[in-house]
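Worksheet: the structure to be examined is printed underneath.
Each value in this text was obtained by applying a stated rule to the coordinates, not by laboratory testing. Treat the numbers as computed from the prediction; the structure is a model and nothing was measured. Here Cβ is always computed from backbone atoms with ideal geometry, including for glycine, and neighbour counts include all displayed protein chains.
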Amino acid sequence: MKLYLDEHCPSCIAAEMLAHYHQLPLQKVHPLNDDLDTRYQQLDAQPLPVLEHPQADLTGGLDVVQLLSNLGSPQQPLRAGLPARRQQLLKQLASVDYNSNCLLFPRYLQAGFASLATESAREHFRQQKEALINQTFAQALANSNLHLQRLQTVLAQLPAPDLPSAFGQRLSEDDLVIFPRLRNFTLLAGLQMPEVWQQYLQEVSALAAIPLFHDRAC
């Protein structure tokens, strides 16, 4: 199987988590951010992640997660999630999406991601994301303290997570949604994450074989 993904894309990381958790053989490809031939022609303009699999045509977006779930081992299924609590948590995080984007987008350029390995890819990304946040990356970085404070306020209000260690070291459906979003925050130097969520990130990172970004924090 071949998985096309970005290293900071939550749905991409969810697919990678499943493949690792179920020990599925996987070749990972990180198209450059401005590689429109790959992203829009070779991959039929499907949103990343995109999966090439012998038993299926190109599968993109959330369909990849479903396909990988179906291919997983029945001896190690995902735990059922708690949809109501998951949606409430996502709603809380969504309230600081703008602050998160202002913090993360400029730092993605400094993180050494494969999809942003060339100057043209970084410039393409910069133009896209500056338009999205309606300010330059320099302006966003200048207001980092304000954005950090707002993000930390919401993180401190999140309900305590269900730790995999309390459930026989098994991942849950909720982890596929929550972990990728919180993992990106480990790229933020100086962010104060509640201890229980730090433990959650460490446990899921180990089970899913997805490293955190602490060594790249900036």
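Miscellaneous remarks
- Checking [x] 29, 19, 15; [y] 33, 17, 16; [z] 27, 25, 14 against the coordinates, the calculated semi-axes √(5λ) of the Cα gyration tensor in Å falls under label [z].
- Cα-centre dipole for the chain with unit charges at Cβ (Lys and Arg positive, Asp and Glu negative), debye to 20: 560 debye
- Most positive-pole-ward Cα, Val154, Ala94, Ile133, against dipole of the chain from beta carbon charges: Val154
- Selection from Leu68, Asn33, Ala84, by position along the positive dipole direction of the range 1-138 (Cβ): Ala84
- Separation of alpha-carbon centers, the range 151-212 and the range 106-138, rounded to whole Å: 25 Å
- DSSP beta bridge pairing in the chain, given as percent antiparallel to the nearest 5: 60 percent
- Here the residues Ser115, Ser172, ranked from fewest to most Cβ neighbours within 10 Å of their Cβ, fall in the order Ser172, Ser115.
- Ordering of 42-49, 75-82 by burial proxy (mean other Cβ atoms within 10 Å per residue, highest first): 42-49, 75-82
- Excluding same-chain neighbours fewer than eight residues apart, the aspartates and glutamates reachable from Lys129 by a Cα-Cα span under 19 Å are Asp6, Glu7, Asp34, Asp35, Asp97, Glu119.
- Dipole magnitude (debye, nearest 20) for the range 1-92, charges at Cβ of Lys, Arg, Asp, Glu: 660 debye
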